[in-house]
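Quick notes on the structure that follows.
The values are calculated or read from the model by the stated rules, or taken from the named source; none is laboratory data. Quantities reported herein were computed from a predicted structural model and do not represent experimental measurements. Positions of Cβ are backbone-derived with ideal geometry, glycine not excepted, and every protein chain shown enters the neighbour counts.
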Amino acid sequence: MFSYEDKKLSDLEKKIGIEFNDKELIKTAITHSSYANENRNIKYNERLEFLGDAVLELSISEYLFKKYEDISEGELTRKRALIVCEASLHEISKKWELGNYIKMSKGEELTGGRTRVSILSDCVEAVIAAIYLDKGFDYVKEFIIKVFKDIIEKAVKDEIILDYKTRLQEVLQANGKIDIKYELVKYEGPPHRRKFYINLIFNGAIKSNGIGYTKKEAEQDAACKALKGLKN
């Protein structure tokens, strides 16, 4: 009997463009730790995330190294960082509509888990690892280059600005040294669901406030808001 879960899995495979030989791999890839905490003996995707991160970085590194022989090591490193960063992975997750398929606890879902950037980007890495384990490195490498094609091209042309902290520093320090600080104001909530509040300060004045579920996320949010303020 073809269950509802099997149908959803089949729909996801179509969106990704992969039919898995081992269905357990893709099932694990889309299982968040919160779901496993509520259901005993369920595998979740954190180990796959670890592997997928390495597979993605190697695939992109090799592609850039072979295709762009005139680009220096430092520039290759910077462009690779843009391609494999959390924001780029989030863009891929939206194309696959991953938020509709991730298994997570009701609590996680009710607090916005299906649209949370960190959960979605981690899941993309887990899916990449699942493809690698199911199909091999040559297959997943070709798959990655195809899926990330637009992001790669934009990164090579310097059309991507994803690290708001670095970009803000470049803008502010273009005409001289400016002291930039990110100050943790407070955090609230339980350890597994903690929200951080950050003040962005430069030259001694508070310029923006950031909020996120990690310090890094809150700092990026503050930097993004500061950049928008400068632009306006």
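Restricting attention to region 87-110, which residues are surrounded by fewer than 16 Cβ atoms within 10 Å (Cβ to Cβ) and more than 16 Å from the chain's Cα centre (by Cα)?
Once the filter is applied, which keeps residues that are surrounded by fewer than 16 Cβ atoms within 10 Å (Cβ to Cβ) and more than 16 Å from the chain's Cα centre (by Cα), region 87-110 yields 100, 106, 107, 110.
Within the group 168, 172, 184, 200, which residue is surrounded by 19 or more Cβ atoms within 10 Å (Cβ to Cβ), at pLDDT 90 or above, hydrophobic (A, V, I, L, M, F, W, C) and over 18 Å from the mean Cα position of the chain (by Cα)?
Values: 168 fails: at pLDDT 90 or above; 172 fails: at pLDDT 90 or above; 184 fails: surrounded by 19 or more Cβ atoms within 10 Å (Cβ to Cβ).
When all the criteria are applied, what remains is 200.
Can you tell me which of (1) basic (Lys, Arg); (2) under 28 Å from residue 14 (Cβ atoms); (3) over 13 Å from the mean Cα position of the chain (by Cα); (4) surrounded by 18 or more Cβ atoms within 10 Å (Cβ to Cβ) is the one residue 79 doesn't meet?
All conditions are met except number (2).
Name the one entry in 55, 84 that is farther than 14 Å from residue 131 by Cα, buried (at least 18 other Cβ atoms within 10 Å of the Cβ) and out of contact with any strand residue (DSSP E or B) (no Cβ under 8 Å at 6 or more places or on another chain). Let's see the steps before the verdict.
Numbers: 55 fails: farther than 14 Å from residue 131 by Cα.
One residue alone meets the criteria, 84.
Testing residue 37 on (1) modelled with pLDDT of 95 or more; (2) over 21 Å from residue 216 (Cβ atoms), one condition comes back false. Which one is that?
With (1) modelled with pLDDT of 95 or more; (2) over 21 Å from residue 216 (Cβ atoms) applied to residue 37, the lone miss is (1).
Only residues in region 41-64 that are in contact (Cβ under 8 Å) with a residue 24 or more places away in the chain count as the first member; pair them with residues that are in a loop (DSSP other than H, G, I, E, B) and buried (at least 20 other Cβ atoms within 10 Å of the Cβ), Cβ under 8 angstrom, at least 6 apart or cross-chain, and list the lot.
Close Cβ pairs satisfying both conditions: 45/30; 45/32; 60/148.
Would you mind stating whether residue 21 is touching a helix residue (DSSP H, G or I) at 6+ places or on another chain (Cβ under 6 Å), surrounded by fewer than 19 Cβ atoms within 10 Å (Cβ to Cβ) and closer than 21 Å to residue 137 by Cβ? Can you show your working first?
Working: touching a helix residue (DSSP H, G or I) at 6+ places or on another chain (Cβ under 6 Å): yes; surrounded by fewer than 19 Cβ atoms within 10 Å (Cβ to Cβ): yes; closer than 21 Å to residue 137 by Cβ: yes.
Spelling it out, residue 21 is indeed touching a helix residue (DSSP H, G or I) at 6+ places or on another chain (Cβ under 6 Å), surrounded by fewer than 19 Cβ atoms within 10 Å (Cβ to Cβ) and closer than 21 Å to residue 137 by Cβ.
If I filter region 207-215 for residues that are assigned to a helix (DSSP H, G or I), within 19 Å of the chain's Cα centre (by Cα) and within 27 Å of residue 105 (Cβ to Cβ), do I get at least one hit? Break it down stepwise before answering.
Let us first name the residues in region 207-215 that are assigned to a helix (DSSP H, G or I), namely 215.
Keeping just the survivors that are within 19 Å of the chain's Cα centre (by Cα) gives 215.
Going one step further and asking which of them are within 27 Å of residue 105 (Cβ to Cβ), we end up with 215.
Scanning region 207-215, I find at least one residue that is assigned to a helix (DSSP H, G or I), within 19 Å of the chain's Cα centre (by Cα) and within 27 Å of residue 105 (Cβ to Cβ), so the answer is yes.
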